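Inspection log for the structure reproduced underneath, given as structure tokens.
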């Protein structure tokens with residue numbers, strides 16, 4: 001398939017396909033599990049308990065998984081082991097009778113494997129293209145993952161509808177094969193330069209050093225507020241659609257899932273290029289600004305067709321966070337070999353925000369109505385945007401000669417997004433705001 005490609009081009013193509021097929025696999029562990037267990041006469045409480053085990057495992061595994069990927073110079077090996085765990089997890093659901101123990105084991109295994117696989121792919125991306133081209137590479141990753149999510153949703157949905165609900169997981173397990181082939185296309189020789197330089201770095205620091213890092217703490221807060229506002233929006237909208245649209249509800253919800261994926265696939269590379277050329281904060285502000293707007297529109301929109309268009313705004317936010325989270329991790333951990341541990345910190349913040357979101361929004365909707373819940377989520381989304389606008393520092397870029405330079409204070413950019421996009425970030429030799437440096441005291 002790729003025999004005519006040069007080594008580096010072959011590796012880049014392999015990374016594209018790896019993101020596509022890994023997204024295929026991950027789609028199989030989404031709402032299809034609840035559908036399958038419901039068909040096996042599980043109660044909603046039992047299903048919720050099983051899924052909560054997976055959610056909790058993913059949260060507590062973020063930091064150790066990131067540290068593990070940092071510790072090994074064999075990033076491909078880490079990805080290989082994680083991918084091999086995926087079919088085992090899928091087959092635990094269908095190869096034995098679906099009882100509590102095998103289902104929970106499946107959820108635990110999938111949660112741990114996912115926490116290893118995501119930073120491993122990000123580390124492979126960094127090692128393949130270096131820091132200068134990382135933004136655009138992460139944009140390509142997000143594009144192929146979004147296409148993979150959409151394709152798998154259709155394929156697995158057809159399998160579940162016309163074969164059986166168990167067929168979804170047999171097919172999910174089989175998708176590990178092309179994932180492994182794609183991983184094999186990435187040549188280890190193309191990864192060695194950056195990996196060796198990172199591993200040779202002195203002054204690596206540890207978790208406490210990262211937790212004292214100003215940029216890490218601020219962006220963790222941004223991530224927590226973002227998912228606190230975002231995670232409950234679609235489930236809450238889905239409940240409203242189910243009550244108001246009858247038999248069309250499933251079709252509308254499917255469209256609400258696919259529409260953002262199309263947007264992510266379309267704009268992610270542009271987000272990556274924008275972050276490299278105009279600064280991280282500009283790209284972040286675009287993504288975070290879409291969140292409160294979406295919340296307000298969901299509070300007032302009742303037409304299902306308009307709802308699909310509103311939900312497409314989620315693609316703008318998802319593209320920005322998907323590209324910028326690993327990119328800022330790379331910025332804030334230059335030369336420390338703690339890139340993946342930093343991603344784990346951000347991932348933990350995302351998990352906490354997502355967990356709180358559904359609880360807070362559900363309680364608000366129950367007591368005050370869905371309009372109030374959407375309004376609350378919009379306010380939280382606005383807070384996340386303001387945190388980016390006024391507090392989040394620009395984390396900087398590298399000059400073509402490889403010299404790392406730091407931008408001016410974020411206050412200089414708060415005069416407006418338009419000015420930032422016109423001139424780009426202003427770079428200075430020093431680091432007056434302490435970006436990437438520990439806080440003292």
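A single entry from 94, 81, 35 fulfils the requirement of being touching a residue at least 24 places away in the same chain (Cβ under 8 Å), over 16 Å from the mean Cα position of the chain (by Cα) and crowded, with 20+ Cβ neighbours inside 10 Å: 94.
Suppose the filter is over 29 Å from residue 137 (Cβ atoms), touching a helix residue (DSSP H, G or I) at 6+ places or on another chain (Cβ under 8 Å), crowded, with 16+ Cβ neighbours inside 10 Å and modelled with pLDDT of 85 or more; does residue 232 pass it? Against the criterion (over 29 Å from residue 137 (Cβ atoms), touching a helix residue (DSSP H, G or I) at 6+ places or on another chain (Cβ under 8 Å), crowded, with 16+ Cβ neighbours inside 10 Å and modelled with pLDDT of 85 or more), residue 232 qualifies. A single entry from 248, 240 fulfils the requirement of being in a helix (DSSP H, G or I), closer than 20 Å to residue 378 by Cα and either at pLDDT 90 or above or assigned by TED's automatic domain parsing to the domain that holds residue 300 (or both): 240.
Quick one: would you say residue 395 is at pLDDT 55 or above, under 22 Å from the mean Cα position of the chain (by Cα), surrounded by fewer than 19 Cβ atoms within 10 Å (Cβ to Cβ) and over 20 Å from residue 313 (Cβ atoms)? So residue 395 fails the test. A single entry from 368, 346 fulfils the requirement of being surrounded by fewer than 21 Cβ atoms within 10 Å (Cβ to Cβ) and at pLDDT 85 or above: 368. The single condition among (1) surrounded by fewer than 24 Cβ atoms within 10 Å (Cβ to Cβ); (2) over 11 Å from residue 321 (Cα atoms); (3) under 21 Å from the mean Cα position of the chain (by Cα) that residue 285 does not meet is (2). Among the residues of region 16-40, those that are more than 19 Å from residue 109 (Cβ to Cβ) and at pLDDT 85 or above comprise 16, 17, 18, 19, 20. For residue 121, indicate whether it is at pLDDT 95 or above, in a helix (DSSP H, G or I) and surrounded by 22 or more Cβ atoms within 10 Å (Cβ to Cβ). When the stated conditions are applied, residue 121 passes them. Across region 344-371, the number of residues qualifying as without any contact (Cβ under 8 Å) to a residue 24 or more places away in the chain, within 16 Å of residue 235 (Cα to Cα) and part of a helix (DSSP H, G or I) comes to 4. Only one entry in 376, 386 is assigned by TED's automatic domain parsing to the domain that holds residue 218, under 22 Å from residue 222 (Cα atoms), crowded, with 19+ Cβ neighbours inside 10 Å and modelled with pLDDT of 95 or more, namely 376.
Among the candidates 354, 369, 347, 322, single out the residue that is on the phi > 0 side of the Ramachandran plot and assigned by TED's automatic domain parsing to the domain that holds residue 282. Unique residue meeting the criteria: 369.
The values are calculated or read from the model by the stated rules, or taken from the named source; none is laboratory data. Just so we're clear, the structure is a prediction, and the values are computed from it rather than from any experiment. We place every Cβ from the backbone using ideal geometry, glycine too, and count neighbours over all the protein chains shown.
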